[in-house]
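The values are calculated or read from the model by the stated rules, or taken from the named source; none is laboratory data. Since this is a predicted model, take the numbers as computed values, not measurements. As a convention, Cβ positions derive from the backbone with ideal geometry for all residues, glycine included, and neighbour counts pool all protein chains shown. Each accessible area value is taken on the protein alone, full model and side chains, heavy atoms only, with ligands, DNA and RNA left out. Shrake-Rupley method; radii C 1.70, N 1.55, O 1.52, S 1.80 Å.
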Amino acid sequence: LVHALDQPPLDGVLSLNEVLRLVPAFEILLPGHGPAMERLIKIVFARADANPRNNEVSETEAEVLARELVVLSQGVPALMAALSFRKGAPPLDGALVVKAFDLDRDGAIS
């Protein structure tokens, strides 16, 4: 993740702005939900950043960030489909919400 998003000068860490470059990719997954995904990315970034004062994540912290972004990219589209009542969407229930936001995969939202 660091190597893919790090911008010059290549410093081996990711700033929040560098990570926010993922918003357009999430917009492809969830058209019209870019602002919501931006807020979620900011939350995930804050969870991964062990030293919030520097507003950067190291490679180790980026591993946490990447895992949590994968969870979001898998669960949030199904949740958004259920919320929009699209044909064929899964039913909106507690299990779907937990699946979408259980970032540490412990069966609960923390």
Within region 19-56, tally of residues that are among the acidic types (Asp, Glu) and either modelled with pLDDT under 85 or in contact with a strand residue (DSSP E or B) (Cβ under 9 Å, 6 or more places away or on another chain) (or both): 2
Residue list for region 74-104, restricted to those being within 14 Å of HIS33 (Cβ to Cβ) and open to solvent by 80 Å² or more (accessible area, probe 1.4 Å): LEU83, ARG86
Subset of region 62-73 [more than 17 Å from GLU27 (Cβ to Cβ) and open to solvent by less than 30 Å² (accessible area, probe 1.4 Å)]: ALA62, LEU65, GLU68, VAL71
Residues that are out of contact with any Asp or Glu (no Cβ under 7 Å at 6 or more places or on another chain) and part of a loop (DSSP other than H, G, I, E, B), drawn from region 1-21: LEU1, PRO8, PRO9, LEU10, ASP11
